[in-house]
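S.K.: Please read through the structure below; I'll follow up with questions.
The values are calculated or read from the model by the stated rules, or taken from the named source; none is laboratory data. None of these values were measured; they are calculated from a predicted model. No Cβ is skipped: glycine too gets one built from the backbone with ideal geometry, and neighbour counts run over all protein chains shown.
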Amino acid sequence: MDKPSDQELLAARVRLPQHIVHRGFVAETVVLNLRTGKYHGLNPTAGRMLEALEQAPSVGSVVPELASEYGLEQAQIERDLIELCAGLLERGLIEIVDEPAGG
């Protein structure tokens with residue numbers, strides 16, 4: 001699969017595959033790949049972003065909520081989300097849902 005552009009990523013809906021589980025702790029969120037046995041640590045901000053993405057109709061749709069929550073510009077949150085999602089996609093920790101948004 002080709003790497004999505006930033007705009008494609010913001011418009012996409014993402015989810016955790018069945019073999020990925022996560023648990024949030026005070027200092028980090030631990031994401032575990034049950035197939036490989038590898039775990040990945042996310043800082044609290046990235047963990048919160050992952051939590052928001054789980055219920056979101058698209059990556060970009062969580063930008064206003066997170067910007068308000070963290071008191072940051074939406075453009076900064078957008079860049080951070082793109083970077084986070086690209087890294088998670090690369091590691092197979094999230095996947096893009098092929099179904100159209102809203103459907």
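S.K.: Under 8 Å between Cβ atoms, which residue pairs at least 6 apart in sequence (or on different chains) link something in the stretch 54-73 that is farther than 14 Å from L84 by Cα with a partner that is at pLDDT 95 or above and surrounded by fewer than 12 Cβ atoms within 10 Å (Cβ to Cβ)?
M.R.: Filtered contacts from the stretch 54-73: A67/E73.
S.K.: Now for a separate question. Just the residues that are farther than 14 Å from S58 by Cα and within 13 Å of the chain's Cα centre (by Cα), please, taken from the stretch 1-20.
M.R.: P17, I20
S.K.: Another question, then. Name every residue in the stretch 1-17 that is free of Cβ contacts under 8 Å to residues at least 40 places away in the same chain and within 14 Å of L81 (Cα to Cα), in order of residue number.
M.R.: Residues satisfying the conditions are S5, Q7, E8.
S.K.: For the subset of the stretch 37-58 comprising residues that are surrounded by fewer than 17 Cβ atoms within 10 Å (Cβ to Cβ) and among the charged types (D, E, K, R), which member is farthest from A12 (Cα to Cα)?
M.R.: Selected residue: K38.
S.K.: Within the bounds of the stretch 33-40, is there any residue that is under 13 Å from the mean Cα position of the chain (by Cα) and touching a residue at least 40 places away in the same chain (Cβ under 8 Å)? Step through it out loud before you land on a result.
M.R.: In the first step, residues of the stretch 33-40 are kept if they are under 13 Å from the mean Cα position of the chain (by Cα); the result is none.
No, the stretch 33-40 has no match at all.
S.K.: Would you be able to say whether some residue in the stretch 74-90 is outside any helix (DSSP H, G or I), in contact with a Leu (Cβ under 9 Å, 6 or more places away or on another chain) and small (G, A, S)?
M.R.: No, that holds for no residue.
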